[in-house]
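See structure below.
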């Protein structure tokens, strides 16, 4: 059963990735772009794809844009088109508009237009790169309110071979293990894998581990807690 109806405008790498992911999740997705070649490339991967001028209100209305649960504006090349498209969506009464911004100035302009949901993929990528450079154990971080985060971290060497009960994540560090990913023995050896690779192709989710499970050196832990407590856990066990 479909999980909502969405339109994604702008089929560059970012927009096409969003459209495909929504489709994989079971949503009904309309992909829109003024470039016919991009539409042809995405056509088989979404519910429906159409080439149109997204700044044209009548063109948007003809595609049932008002009935969408949300519209994502992911035009990356031309900020004027971003503004005109966003304005057109507001004018026709789209109930939820999510817009991609490139940089602080664009972000502020969109805020002035009343856009409350603004995507800044470049900012998220730069944060992830900075985090990884400062702390090589960290593979991925999702920032949450009130200093909490969900983080993927390589198993620190100090906990390898120890059970979850012995480690005491909740009792000693006040953090929770959501799940862990375990190396299946294929591909690069763990030491080489962790040098440069953040792919999970050779790691598989264990599920909800019990207290008797022992951590292996190539495990990836998915942790939840405050930034301070997670960093303390990494520092103590590295």
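Nothing in this text is a laboratory measurement; each read-out follows from the coordinates by a stated rule. Because the structure is predicted, anything quoted here is derived from the model rather than measured. Cβ coordinates were reconstructed from backbone atoms using ideal geometry, including for glycine residues, and neighbour counts include every protein chain displayed.
Quick look at the values:
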{"read-out": "The chain - percent relative contact order, Cα under 8 Å, separation 6 or more", "value": "14 percent"}
{"read-out": "Burial ordering of 37, 56, fewest other beta-carbon atoms within 10 Å first", "value": "37, 56"}
{"read-out": "Cβ-based exposure ranking for 205, 230, in which fewest neighbours within 10 Å come first", "value": "205, 230"}
{"read-out": "Residue with peak Gaussian network fluctuation, the chain [Cα springs, cutoff 10 Å], from 152, 28, 44", "value": "44"}
{"read-out": "Extent along principal axes [Cα atoms of the stretch 5-119; Å; largest to smallest]", "value": "37, 26, 25"}
{"read-out": "Antiparallel bridges, percent of DSSP beta bridges restricted to the chain (to nearest 5)", "value": "50 percent"}
{"read-out": "Within the chain, helix-based [θ] at 222 nm, where runs of 4 or more DSSP H residues each add -39,500 (n - 2.57), nearest 500", "value": "-10000 deg cm²/dmol"}
{"read-out": "Distance histogram in 5 Å bins (all Cα pairs of the chain, percent per bin)", "value": "1, 6, 12, 14, 13, 12, 11, 10, 10, 7, 4, 1, 0"}
{"read-out": "Length added when fully stretched, residue 56-residue 96, from 0.36 nm per residue minus Cα-Cα", "value": "12.6 nm"}
